[in-house]
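The values are calculated or read from the model by the stated rules, or taken from the named source; none is laboratory data. This one's a predicted model, so the numbers in the text were calculated from it and none came from an experiment. In this analysis, Cβ positions are derived from the backbone assuming ideal geometry, glycine residues included, and neighbour counts consider all displayed protein chains. These accessible areas exclude ligands, DNA and RNA; they are computed on the full protein's heavy atoms, side chains included. Shrake-Rupley method; radii C 1.70, N 1.55, O 1.52, S 1.80 Å.
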Amino acid sequence: MSNRPKVRVKSIQEWMEVNIWALLIATALVLSVGGLVEIVPLFYLKGTMEHNAFPEIVWDKAGKEPIVTFDETGKEQWNWQPGDGVRPYTALELAGRDIYQREGCYLCHSQMIRPFRDEKERYGHYSLASESMFDHPFQWGSKRTGPDLARVGGKYSDDWQRRHLYDPRSLVPESVMPSYPWLDETAADPDMSLRVFGFTLWPAGTGSRMQRHMRGMQQVGVPYTEADIAAAEFLLDGKTEMDALVAYLQVLGTMVKLDDAKAYRE
């Protein structure tokens with residue numbers, strides 16, 4: 001017979017700490033409930049995407065026609081206009097989105113307007129899940145040290161955005177946002193050619209890095225056409241990281257012309 005003194009527990013937590021089987025069963029129950037909460041909504045994912053009920057939310061030419069093309073003189077010809085619907089990002093916008101993530105902008109700015117009166121009055125129409133259908137990963141976030149950026153596109157001029165990124169306090173004295181002057185000195189798509197002792201062993205054309213990125217996005221379902229990928233060479237030529245980030249900011253919230261009279265989330 002063991003002489004070990006019997007432990008007197010004072011709570012359920014202490015009881016499980018001294019009873020391994022009770023702890024295992026409780027852990028299994030908690031994991032099962034958590035798993036169901038995470039997994040069950042996936043079976044209803046189609047119902048959460050508003051474009052299934054309102055197909056006009058998505059640009060009907062996405063994946064069928066190029067977003068922007070260039071003629072022999074290098075002049076841009078856009079096949080999409082703001083309000084036409086959600087489309088994939090162009091190479092320049094996608095490069096800007098990469099910089100947005102790299103610099104941690106999402107840590108202080110969300111991109112999700114909640115359906116509350118105060119939020120809609122300040123930021124605009126509440127965000128739809130379909131508006132982020134081509135985002136991998138999405139940038140909804142929840143931290144708001146700075147304002148929500150879901151509909152910042154077109155709210156300010158390109159020049160304002162550049163000045164703000166270069167020195168935020170020159171426009172907003174109370175701003176706590178860091179300055180990003182180096183973005184104006186760095187190429188949006190740096191030369192990735194491999195050179196050894198002055199010899200180019202592996203040439204890489206302008207936009208080649210983003211083209212590889214866009215092909216990767218194709219693999220996860222983003223409907224880029226071959227023309228969209230080829231356009232990266234022209235869109236990124238001579239552009240800086242500042243140009244790319246401004247292009248990304250200026251397209252946010254401009255893709256869909258939302259109707260306040262419609263309840264997209266019913």
FRET efficiency estimate (nearest 0.05) - Cβ-Cβ, Lys75 to Leu201, R0 30 angstrom:
0.30
Output the antiparallel fraction of DSSP beta bridges having both residues in the chain, as a percent to the nearest 5.
90 percent
So what J values fall out for segment 121-132 if you push phi through Karplus, 6.51 cos²θ - 1.76 cosθ + 1.60 with θ = phi - 60°, rounded to Hz, Gly and Pro as x?
5, 7, 10, x, 4, 4, 6, 10, 4, 5, 5, 10
With every protein chain present, what is the per residue accessible area of segment 50-251 (1.4 Å probe, Å²)?
53 Å²
Once the Cα gyration tensor of segment 96-140 is found, what semi-axes does its equivalent ellipsoid get, as square roots of 5 times the eigenvalues, in whole Å, sorted largest first?
21, 13, 7
One-quarter of the Cα convex hull surface for segment 50-251, in nm²?
13.4 nm²
Note on segment 1-159: contact order normalised by length, alpha-carbon pairs under 8 Å, 6 or more apart, percent, works out to 18 percent
How large, in percent, is the carbon and sulfur part of the accessible surface of segment 76-139 at a probe radius of 1.4 Å?
52 percent
Could you give the nm distance between label points at Glu17 and Lys64, where each point is 7 Å from its Cα heading toward the beta carbon?
6.5 nm
Suppose the chain between Leu31 and Asp191 were pulled fully straight at 0.36 nm per residue; how much longer would it get relative to their current alpha carbon spacing?
52.8 nm
Cα atoms only: what Rg and Dmax, in Å, come out for segment 118-219?
18.9, 61
Rounded to the nearest Å, the spacing of the alpha-carbon centers of segment 15-56 and segment 153-204 is 42 Å
Whole-Hz Karplus ³J(HN,Hα) for segment 11-22, in order, using 6.51 cos²θ - 1.76 cosθ + 1.60 and θ = phi - 60°, x for Gly and Pro?
8, 4, 4, 5, 5, 6, 5, 9, 10, 4, 5, 5
Determine the calculated [θ] at 222 nm for the chain from helices alone, applying -39500 (n - 2.57) to every DSSP H run no shorter than 4 residues and normalising by the residue count; nearest 500 deg cm²/dmol.
-9500 deg cm²/dmol
With label points built 7 Å along Cα→Cβ from the Cα atoms of Tyr166 and Asn52, find their separation and express it in nm.
4.8 nm
